[in-house]
Structure formats: structure tokens, C-alpha cells
Amino acid sequence: MTAPIETTGAEAETPPEAVLAGVKKAQIEGRSLSQIAWTRFKRDKLAVAGGVVVILLVLMAVLAKPIEWAFGLDPNQFHQDLIDPALLAPKGSWGGMSWDHPLGVEPQYGRDMLARIIEGSWVSLLVAGGATLLSVIIGTVLGVVAGYYGGWVDSAISRLMDTFLAFPLLLFAIAISASVQDGFFGFNGLPLRIGVLIFVIGFFSWPYIGRIVRAQTMSLARREFVEAATSMGARGPYILFRELLPNLVAPVIVYSTLIIPTNILFEAALSFLGVGIAPPQASWGGMLSNAVDLYTADPQFMFVPGLAIFITVLAFNLLGDGLRDALDPRSK
């Protein structure tokens, strides 16, 4: 057996505060939940790459008009001299790529592909972002009300969700978009089409997030902080908007980043079917629709907008997956 270590009287009487006095503040300083989430997010390289691409896409969409003006890009300008009249295909290889037209030109009309991709970015992101915002607002409010109050309120809202989920969304969207193309309540043209797409996509997709928020609210409503607020006399609206909603921000943000790609594809599908954004306004779905009849003459005409949609959807999905893992306290 080893002999016990003897300590002097001064060492035995040293208070813990004196021991901690020499420790640096950074070594004992705690981290907030946002700092922990950010640390987790930075470790996911794919999520960081997706976030960078999303930021660049948003900047391109917001600054589309200044970019076109600065570089002299016109998405609707014809360049018939760059088109072979016999084949209706761009002259040269790779869809007519050149220093003046880095992504080539459209067959038949010769419009610059880069300019139309930039012009179509703000349309796709505006429709997808607006529809997501609308569905998140409706779904979050109704979901938290149903989850907290329960009873007949929960039953009524749940049956309403089931009703909306039973709608054939694509057919309904086609019918509404086609019926208001000539004008509605004094609106017409591009603003009307964008507004209709945002309403149709957002209004009929809110039950998905509504169910998620309802389930989360039912779990949070039994937590101690809600019971404490109730015992202190807090009423329903205060608990809903001051106690429950702040704790639902993380799942709502994650779901929003995951549903935006779906809405981008939905807008592209409607434009592809001819009931979305009307020409000459550029949209990625509309460019794919035009490429159906001309892809044999110039395959790149379909490849460029398809690649733009693919990169955008992939970036948002990677960002959403990374945020979900970073904000989940159970993730490692």
C-alpha cells in the first residue's frame, strides 16, 4: 500500500475561490444554445457549402436588375445573327458559348442564357419564398392553437387539415391559375401571376407544417415553464405567443428551409405546364417548357435551367439538413 499524501495546513485551508482565481475566464465560461448550434453547424461542411450557395442565390435574385444593368445583359434581346436559320440552333459549339454569352444563347431566338437565368432567379425565389412564408404563418398559428387548446378546437383544426390534404393540389393550382390569367380584381400581367402562384402554393400546403407545429406544441404544453406561467395567471394568448412560439422557432426554420425547394419545383412545374409565369418573362420552369420542342437542336437549352433548379434545390436541402442537426439538442 502507498502512504497517503500529506498536505500542509496552508494547503488544506486554501478556499476553492483561490484555486479558481488562476483559471482563465474563457475556460469556465458557458456557451449559449445559439453558440452550440453554430458550432455544430460549422462542423457540417456540406451544410456550410449549401448555406453559401443559398446566400449567393438570394443575392443574385435580389440584385438581378442591377447585375443586368451593370453587365449590359438583356434577357429579352434577340440575337438572330447567332442562330443558324436552317437548324434553328446556335452557331458554334456548346450552345453558342462565347465571352459575350458564357452560357450560350437560346435556339430559335438567340436570347442570352445567362441573362435569362439571372432574370428567372428572382421569380423562382420570390414565388417559393412567398409561398413558404404564407404556409408557415397559417400552419404555425393554427398548429399551435390546436396543440395547446386541444378538445373540439383541436378536432376542428385537424379535420380542416385533413380536408386541405385531400385536395389534388396540382390540378387545383392549374385550374385557379388558368382561370385568372386574363385579370382578377383589377390585377393582371406578371404581378397577378406571381400573386396567384404564391397564394395557391402557400394556402394549400400549410397543413404539413401545421401538423408538425401541433405535435411540438402538445409536447411543450406539458412542460414546467407553461405550468408555471399558468399558475401565475397567464392567459392563453400570452402563453401561445410568449411561451410556446419562441420554443417553436427552430423546427419552423428547419421546415421552412426544407419546403422552399419543394415550392421551387412546384413553380417550375406550373410554368412548365403553361399556367405559371407567362413569356416573355424569364422563369426556370418556363425555359424548360420551351426546351421541350428545341432540345434536339440544342440539348444545352434544357441542361442550363435544369442545372440551375438542381443546384438551388440541393443547396436548400443541404442547408435544411444541417440546420436540423445543429438545432437538435439530441444530435451528437
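The values are calculated or read from the model by the stated rules, or taken from the named source; none is laboratory data. These figures come from a predicted structure and were not determined experimentally. Cβ coordinates were reconstructed from backbone atoms using ideal geometry, including for glycine residues, and neighbour counts include every protein chain displayed. Areas reflect the complete protein model, heavy atoms only, side chains present, ligands, DNA and RNA absent. Shrake-Rupley method; radii C 1.70, N 1.55, O 1.52, S 1.80 Å.
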Practice prompt. Taking the options L46, L20, L56, name whichever one is at pLDDT 55 or above, open to solvent by 100 Å² or more (accessible area, probe 1.4 Å), farther than 21 Å from W284 by Cβ and not hydroxyl-bearing (S, T, Y).
Written response: L46
Fill in: Unique match (being open to solvent by less than 40 Å² (accessible area, probe 1.4 Å) and either under 27 Å from F199 (Cβ atoms) or modelled with pLDDT of 85 or more (or both)) among P305, P280
P305
Worksheet entry | Counted residues, the range 149-158 - those being in a helix (DSSP H, G or I) and either open to solvent by 60 Å² or more (accessible area, probe 1.4 Å) or of a type in the set (G, A, S) (or both) | 6
Discussion item. Tell me whether the range 96-108 contains one or more residues that are touching a residue at least 12 places away in the same chain (Cβ under 8 Å), among the hydrophobic types (A, V, I, L, M, F, W, C) and in contact with a strand residue (DSSP E or B) (Cβ under 6 Å, 6 or more places away or on another chain).
Written reply: yes
Discussion item. Give all pairs with beta carbons closer than 9 Å in which a residue from the range 159-186 that is over 18 Å from I209 (Cα atoms) and open to solvent by 70 Å² or more (accessible area, probe 1.4 Å) meets a residue that is at pLDDT 80 or above and of a type in the set (G, A, S); count only pairs at least 6 apart in sequence or on separate chains.
Written reply: L170/A269; F184/G195
Worksheet item: (1) surrounded by fewer than 18 Cβ atoms within 10 Å (Cβ to Cβ); (2) more than 20 Å from S177 (Cβ to Cβ): which one isn't true of L273, the others all being true?
Response: (2)
Worksheet item: Taking into account only those residues within the range 187-218 that are open to solvent by 70 Å² or more (accessible area, probe 1.4 Å) and of a type in the set (S, T, N, Q), which is modelled with the lowest pLDDT?
Response: N188
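Let's see how each residue does on (1) crowded, with 20+ Cβ neighbours inside 10 Å; (2) in contact with a Phe, Trp or Tyr (Cβ under 9 Å, 6 or more places away or on another chain); (3) not acidic (D, E):
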site	(1), (2), (3)
L82	yes, no, yes
G95	yes, yes, yes
E106	yes, yes, no
L125	yes, no, yes
L133	no, no, yes
V136	yes, yes, yes
T140	yes, yes, yes
Worksheet item: If only one of A234, A228, A326 is without any contact (Cβ under 8 Å) to a residue 12 or more places away in the chain, touching an Asp or Glu at 6+ places or on another chain (Cβ under 8 Å) and either more than 30 Å from A115 (Cα to Cα) or surrounded by fewer than 17 Cβ atoms within 10 Å (Cβ to Cβ) (or both), which one is it?
Response: A234
Discussion item. Just the residues that are surrounded by 14 or more Cβ atoms within 10 Å (Cβ to Cβ) and part of a loop (DSSP other than H, G, I, E, B), please, taken from the range 64-80.
Written reply: L73, D74, P75, N76, F78, H79
